[in-house]
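S.K.: Quick one: this structure, given as structure tokens, is what I'll be asking you about.
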Amino acid sequence: MKLNFLGNFPALLAVAGVVLLATGCDNKTDASKNTGGSDGKGAAPAVIKVGEFASLTGKEATFGQSSHKGTLLAIEELNAAGGVLGRKFELITEDTQSKQGESASVVRKLVSRDKVIAILGEVASGRSLEAAPICQNAKVPMISPSSTNPKVTEAGDFIFRVCFIDPFQGTVMALFAKNTLKAQNVAVLTDAAAPYSVGLATFFKEKFLADGGKISVEQKFSSGDKDFKAQLTAIKAANPDAIFAPCYYTEAGLITQQARQLGINLPIFGGDGWEAPELLTIGGKAMDGTFYSTHYSPEDKAEMVQTFVKKFKARWKNEVPDAMAALGYDSALVLADAIKRAGGTDGPKLRDALAATKEFVGVTGKTTLDAKRNATKPAVIIEVKDGKFVYKETVNP
Ligand code: PHE
């Protein structure tokens, strides 16, 4: 499925006006490359084609939906303001269906068929890991809004992200377990099929053990599993103080519910993978008293955040933007800023400009990309209370 988004693309006449003004100041190589939208006579500055791949359907549909809504909002705002370098954006979105293998094939299409100049996505680390080598080989910069596994950007110098990484998130949750939950023995329940889960479990354990904590038991499952009774029974027998389940929301909801059914009334906590309204519909009442870390809270009083929440709700049927929406939004803005500084969309130049991103102010805080193309940002801890997500604290790096 391919979807094209021109956003609030103004009438052709208006575009023609911009075209005339921009002629001559646009990057030559770019114009000759014809990234789409021009009449081929070299007069019109081409539309800037940006690819996006996201899990719009399937098991992690809310990840893709949220991320996409934030990304598209940013693209529409950029276009309404005249675009960048006199050129408008066209967002071409592909659905990864939350399926393995799909990311590689849709990203290949975006690169070779659509000739996008950059790619935004994915949310889930496993899917970003699939696509990263393709973007790296094609020298098409890829920016993951929210994949936190360190390996994603290790795929090469064309791969970026605008969020923190899991060594930080693991540390935040290890400190939370020790200091806030006062846990000394923690059980860890990992999704062995998700690189995100395996990574976050590892970083959590490293920090928790280094600080004198104990891992009472480790259990594993595979994404898509529905019955966690065997693992939970083993966890119960090990008598921990709390359970860390660094997985995605579908499994987190089921795990918590089944734990309560087995009479396990310990605190259960996870990472950003828990963030989705479905956590509450799947887990129901059982979710009360659980915690997770994420990237932002819509309750943040900062003006930039509140303005974003207002605009997002106006655009998307009163929906409150979650962390994926906020990061999706920021990923598009970071890209636009780099195109402006690069003076065009040529891959290697755009790469250099992205790499030089410094203190870019977005809704998820300031983005500065380090030598490994990662961002350093604060984490937020959310508590589920009376069936609602409640902001608990912000943890700075
Ligand atoms: N960080 C998760 C991953 O790397 C994805 C995610 C980001 C989920 C933000 C929810 C919120 O797979």
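The values are calculated or read from the model by the stated rules, or taken from the named source; none is laboratory data. Note that the structure is predicted; figures quoted are calculated from it, not measured. Cβ coordinates were reconstructed from backbone atoms using ideal geometry, including for glycine residues, and neighbour counts include every protein chain displayed. Keep in mind that these areas ignore ligands, DNA and RNA; they rest on the heavy atoms of the full protein, side chains included. Shrake-Rupley method; radii C 1.70, N 1.55, O 1.52, S 1.80 Å.
S.K.: Sorted by accessible area with a 1.4 angstrom probe, largest first, how do Leu350, Leu266 fall?
M.R.: Leu266, Leu350
S.K.: Express in whole angstrom the spacing between the alpha-carbon centres of segment 171-242 and segment 102-160.
M.R.: Each part reduced to its Cα centre gives a spacing of 29 Å.
S.K.: Further question on the same structure: Would you mind computing, in nm to one decimal, how far apart the modelled labels at Asn239 and Lys139 are, each placed 7 Å from Cα along Cα→Cβ?
M.R.: 6.3
S.K.: Using a probe of 1.4 angstrom, how much of the accessible area of the chain is carbon and sulfur, in percent?
M.R.: 55
S.K.: Take the Cβ-Cβ distance between Thr376 and Lys317 as r, set R0 to 35 Å, and report the resulting FRET efficiency rounded to the nearest 0.05.
M.R.: 0.55
S.K.: Cα atoms only, the chain: Rg and Dmax in Å?
M.R.: Cα-based Rg and Dmax for the chain come out at 21.6, 73 Å.
S.K.: Could you check how many percent of all C-alpha pairs in segment 213-282 are farther apart than 14 Å?
M.R.: For segment 213-282, the fraction of Cα-Cα distances above 14 Å is 57 percent.
S.K.: Here is a further query. Quick one: putting +1 on the C-beta of Lys and Arg, -1 on the C-beta of Asp and Glu, what dipole do you get for the chain around its Cα centre, in Debye to the nearest 20?
M.R.: Using Cβ point charges on Lys, Arg, Asp and Glu, the chain gives about 380 debye.
S.K.: Using alpha carbon coordinates only, what is the Rg to Rh ratio of segment 166-294, with Rh defined as the Kirkwood radius? Show your work: numbers first, answer last.
M.R.: On the way: Rg = 12.9 Å, Rh = 14.0 Å.
Using only Cα positions, Rg/Rh for segment 166-294 is 0.92.
S.K.: Something else: So for each of 99-105, 157-163, 82-88, 351-357 I average, over its residues, the number of other beta carbons within 10 Å; can you give me the resulting order with the highest mean first?
M.R.: Numbers: 99-105: 17.1, 157-163: 26.6, 82-88: 20.6, 351-357: 19.0.
By packing density, highest mean first, the sequence is 157-163, 82-88, 351-357, 99-105.
S.K.: Could you provide, to the nearest whole Å², the per residue accessible area of the chain with probe 1.4 Å?
M.R.: Roughly 39 Å² per residue, with all protein chains present.
S.K.: A follow-up question, please. Given 20 °C and 1.002 mPa s, compute D for segment 188-246 with the Stokes-Einstein relation, Rh being the Kirkwood radius over Cα pairs; round to the nearest whole µm²/s.
M.R.: Estimated via Stokes-Einstein, D reaches 180 µm²/s.
S.K.: Label Lys366 and Lys229 with points 7 Å out from Cα along Cα→Cβ: what is the distance between them in nm?
M.R.: In this crude label model, Lys366 to Lys229 measures out at 5.4 nm.
S.K.: What is the angle, in °, between the Cα long axis of helix 195-210 and the longest principal axis of the Cα atoms in the chain? Nearest 10 is fine, range 0 to 90.
M.R.: The angle comes out at about 50 degrees.
S.K.: Okay, moving on. Largest first, how would Glu77, Glu60, Glu299 line up by accessible area (1.4 Å probe)?
M.R.: Glu299, Glu77, Glu60
S.K.: Can you sort Asp191, Asp370 by 1.4 Å-probe accessible area, starting with the largest?
M.R.: Solvent-accessible surface, decreasing: Asp370, Asp191.
S.K.: Under a plain spin-label model, where a point goes 7 Å from the Cα along Cα-to-Cβ, how far apart in nm are Lys340 and Asp211?
M.R.: 3.9
S.K.: Using 13 Å as the cut-off for backbone N distance, which residues of segment 182-213 belong to the label zone defined by a point 7 Å from the Cα of Leu262 along Cα→Cβ?
M.R.: Counting backbone N atoms under 13 Å from the label point, the list is 187-190.
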